[in-house]
Every structure is written in structure tokens, then in C-alpha cells.
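**Student:** Have a look at this one.
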Amino acid sequence: MGDTRALFDHLTSRKEGHWEGVNFIAGEELDDVRMRTLLSLPTRMVGWDTSPMDKLFPDTSTPGAIEFLVQRLGEEGVEYYYVNTEGYPYARYAFRFEPRSVGRG
């Protein structure tokens, strides 16, 4: 997958200390191209008690990847985040979204 940061730069929060502080973008605000792109990113599952500033993205886990679909797992369900690490081991830029079905494109 190529570099898709330009599709999402305007939606992200920068260097948030808590997942709750990250921008929320409703699924209907994301067109099919953006949603399809989000759902095709490398996936990382993280625990509910993590922080976007934790070292969640070591270099060796997905070589060359800087964009991820993060699934934050908790007892009450899953939250979904777009994360752009810019090569750092933490979520440098992120937003939360609700996934939705999209047609094939």
C-alpha cells in the first residue's frame, strides 16, 4: 500500500496523551475511498489501558509501515483508530472512527 497520509492529515489529532482526546470522525463523514483505505491498513491490536504515547509500534513489527488501523480492545467492545506514526514508536497523529461497509472500488 502506498502513502495515504494526505487523505487523513486534516482529520488527525497530534500527540494526544489519551485515546479519549483523539478526534472522533463519524463513519458517514468518511467517503468510500477513505473508508476502504482505512480498512486495508496494517492492523495493530492494543489493550484498553494503553496510551497513544506508549511505544506501540516498534520498527520490527511491520517494516516500513507508518500508517495503521488500531483496534483498541476492551471489555465493552472495540474502538477503531487511524494512526500515523511518522516513523516514531507511538501514535504521533491519530483519529478515532466507526468502520462501515463499503462497496468494492
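**Student:** Under a no-solvent Debye model with one identical scatterer per Cα of segment 13-97, what's log10 I(q)/I(0) at q = 0.15, 0.25, 0.27 Å⁻¹?
**Tutor:** -0.49, -1.36, -1.52
**Student:** Fewest to most neighbouring Cβ within 10 Å: what's the order for Glu67, Glu28, Glu86?
**Tutor:** Working: Glu67 22, Glu28 9, Glu86 13.
By the 10 Å Cβ count, ascending: Glu28, Glu86, Glu67.
**Student:** Moving to a separate point now. Met45 versus Arg5, label points 7 Å from Cα toward the beta carbon: distance in nm?
**Tutor:** 2.9
**Student:** Let me ask something else. What residue among Thr12, Thr37, Thr85 shows peak mean-square fluctuation when the chain is described by a Gaussian network model with Cα springs under 10 Å?
**Tutor:** Thr37
**Student:** Give me His18, His10 sorted ascending by neighbouring Cβ count inside 10 Å, so fewest comes first. Please report the intermediate quantities before stating the final value.
**Tutor:** Numbers: His18 10, His10 7.
The most exposed by this proxy come first: His10, His18.
**Student:** What are the semi-axes of the equivalent ellipsoid for segment 1-59, taken as the square roots of 5 times the Cα gyration tensor eigenvalues, largest first, in whole Å?
**Tutor:** Working: eigenvalues 89, 46, 26 Å².
Listed largest to smallest, the semi-axes of segment 1-59 are 21, 15, 11 Å.
Here, each number is a calculation from the coordinates, and none is a lab measurement. Only a predicted model underlies this, so the values are computations on that prediction, with no experimental measurement involved. Neighbour counts are summed over all protein chains in view; Cβ atoms, including those assigned to glycine, are modelled from backbone coordinates with ideal geometry.
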